[in-house]
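J.: Dropping a structure here in structure tokens format, bear with me for questions.
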Amino acid sequence: MSDPLVGTLVDNRYAVRSRLARGGMSTVYVATDQRLERDVALKVLHPHLSADESFLDRLGREAKAAARLSHPHVVGVLDQGTDAHTAYLVMEYIKGHTLRDVIREKGALPPRLALALIDPVVEGLGAAHAAGFIHRDVKPENVLIADDGRIKIGDFGLARAVTTSTSTGALLGTVAYLSPELVLGKSADARSDVYSVGIMLYEMLTGQQPFTGEVPIQVAYQHVNGVVGPPSALVPGLAAEVDELVQWCTANDPENRPIDGNALLQELRHIRTNLSDRELDLQPPAALDAGGPAGNQNRTEVISRTNNPTSVMPFGRPAAPPYQPRQPQAGQAPGREAPHADSAHRHLLTPPEKDDDAPWAATPPAPMSKRAQRKADKEEEKARARAAATPARNLREGSPRRRGVLWVVVLVIAALLATGAGWFFGMGPGSAAAIPTVANKTVAQAQELLSQAGFRSTSRDVFDEDVPSGLVVGTEPPAGSEIRKFQPVSVFVSKGPQLFPLPGLTAGTLEEAKTGLNAAGMALGTVTEQFDEAAAAGVVLSQDPAADTPARRGTPVNLVVSKGPEPIPVPNVVGQDEADAKDAIEAAGLKADVAREEVFDRNIPEGAVVSQSPANGTLTRGATVTLTISKGPRMVEVPSYIGKQATEAKRALEALGFRVQVNNILGGFFGTVRDQDPVDTEVPEGSVITLTVV
């Protein structure tokens, strides 16, 4: 497939070699970083995104943030920029395949393989969540599996940059893995990524996604209104702990999911270590090994948010009925499930051999998990203990008068307790009140306001980029929250912005300085160039602020970079006296060197400069100019040509380097030299010889 970008050089650095894939937001290429001589993955954004300046600004900030996230299971972001109309991201190149390729090739996976593949993905997400990052587009296509077995998750920050930059309320994501809160237009947090991981794990275990539809809005509707069923409904015999893990991650209410990737990772590894080999190596039915679903649900799409996502869906077939857990029957201990033909865990197998119209047979319900079994046993023990401690008779029979007195006492005590509880929860420490706003106030002012509202407060120092040191940043719970007055309130006091020592950038190249600034989270300020006699071109001479100066993240650092030694024009001293020529060359900052041998020259007087090397151009300070000095014209013996023909005499004299002047007498009829001046003596080469011709 031809691609105009293949074979080109992006930003005068990245040589595009081939195209890897094309998605809803970008096209990914294999490129070679010619500066560092390494292969990289070049993600080139589609033109409609590249033309949006606000998006490019957002993308730059997200890319810088993602570049600071370093984890063995997260694809590293190396660079970001624009070249003409091309906006690009440069990421670590992982040679191998994606989790989508595994699902497409193998279909449903055994639990051991599925949990092993999802473990590094959750670990990478946990590290990102701990650092304050949310992925927003977790899906098998973004899980990269290297040929050497390394597993990494990529595309951090890109979905956030695109979603934040849309002005129409549109939502960007992969609809098959989209959490209900994102469909409803609510803010995303780490639990949104956990939901996507649960959908992905369901697909790995069953070979298919829990929700499908003709158009993306149908699938989005099911995410909001449906409930993800247990994978064991499609994979009989799957451990109940795995069912619970998937449904825990895919709960509609984020409050009912793991709080972040690290919380999910702990439970995931606990399940892996407690399942038996038989449960881990369970082979899914052969019918599920047909590969993943249609590809149109796995692309990143732009989905318009509806005002009422819970309204009746006007498309195609209705959403699948939500999964309802079975309720215990009367007399059954909590957590114990009674067999029932209409159980939600029922799975349709093969039709009966004799009756094609008969309903298909159902498998028995999935066994209770070990954790649910232990919980049920504990509940039973507590019930038995309560029954054993309950006396057969509460009060012995007595006179009606005594019973009346006892009832009065009981009623009085109940009234006192009710009055006390009413005061405690109505006006006392147990009453609810709203936390006042104390941001940007001093600690004393904040504590006074909280005390007046009836709250006890404790203070804690935190770094903050915006609030000056010593003032209150906020509270936990936040201002406006209603809590009981006996609950403590934490007051966060600003220590000012967190400062980090600036790295030393001098004596290195400009590119090395840029790398050091990126690693330290600082910005590149103004770059000034100047000549320097000692430093090569491109070397950093100085920085401002200086190295080790405490500075906040993003502080611009100005650099002075060497242009190398200053070039000096070579003066022309040919024809000048030797002493004057030396003075002129040394005054220009160069060094004069006189050649050992002098030469004859008919035009340059003795002691003057005949030639110089170099004759022109530029040199660096202290370079040498070689001078050749003239010995003046050469002395040549003038032979006599009196009595000879004038033409012959002239030719011979000119061959000796003389200039010849002919004076004809009587028209020079005979052409014979009658007289010659000078003659038979030595004269300088180039002198004039006068011939008188008759």
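Readers should treat all values here as calculations from the given coordinates under stated rules, not as data from a laboratory. All values reported here derive from a predicted model rather than from experimental measurement. Reconstructed Cβ throughout: ideal geometry from the backbone, glycine too, with neighbour counts over all protein chains shown.
J.: When a footprinting reagent is the concern and you count Cβ atoms within 10 Å, what order do 527, 557 take, fewest first? Kindly include the intermediate steps, with their values, before the conclusion.
T.: Working: 527 14, 557 24.
Lowest to highest Cβ neighbour count: 527, 557.
J.: Now a separate question. If I model a spin label as a point 7 Å beyond the Cα along the Cα-Cβ vector, how far apart are those points for residue 417 and residue 574 in nm?
T.: For the pair residue 417/residue 574, the computed spacing is 12.0 nm.
J.: Still on this model: What does the convex hull of the Cα atoms come to per residue for segment 597-694, in Å³?
T.: Details: hull volume 10.5 nm³, N = 98.
In segment 597-694, the Cα convex hull volume per residue is 107 Å³.
J.: Here's a follow-up. With unit charges on the beta carbon (Lys/Arg positive, Asp/Glu negative), name the residue among 609, 594, 568 whose Cα is farthest towards the positive pole of the charge dipole of segment 567-629.
T.: Among 609, 594, 568, the one farthest towards the positive end of the dipole of segment 567-629 is 568.
J.: Let me know the whole percent of all Cα-Cα pairs from segment 434-495 that are separated by more than 17 Å.
T.: Working: 526 of 1891 pairs.
Across segment 434-495, Cα pairs with separations above 17 Å total 28 percent.
J.: Could you pull out every residue, at least 5 positions away or on a different chain, whose amide H is within less than 5 Å of the one on residue 600? Hs are placed 1.01 Å off N in the peptide plane, and Pro or chain starts have none.
T.: Here 631 satisfy the definition.
J.: May I pose another question? Using only the alpha carbons of segment 499-562, what is the convex hull's orientation-averaged projected area in square nanometres? Write down the numbers at each step before the final one.
T.: Values: hull surface 14.3 nm².
The Cα convex hull of segment 499-562, projected and averaged over all directions, gives 3.6 nm².
J.: In addition: How far apart, in nanometres, would the label points at residue 611 and residue 593 be if each is projected 7 angstrom from Cα along the Cα-to-Cβ direction?
T.: With each label placed 7 Å out from Cα toward Cβ, I get 1.7 nm.
J.: In nm, to one decimal, how far is the modelled label at residue 670 from the one at residue 637, with both set 7 Å along Cα→Cβ?
T.: It is 2.8 nm.
J.: Pull up all non-local amide H partners of residue 638: gap of 5 or more, or a different chain, and H-to-H distance under 5 Å with H placed in the peptide plane.
T.: The list, which skips near neighbours in sequence, is 680, 681, 682, 683.
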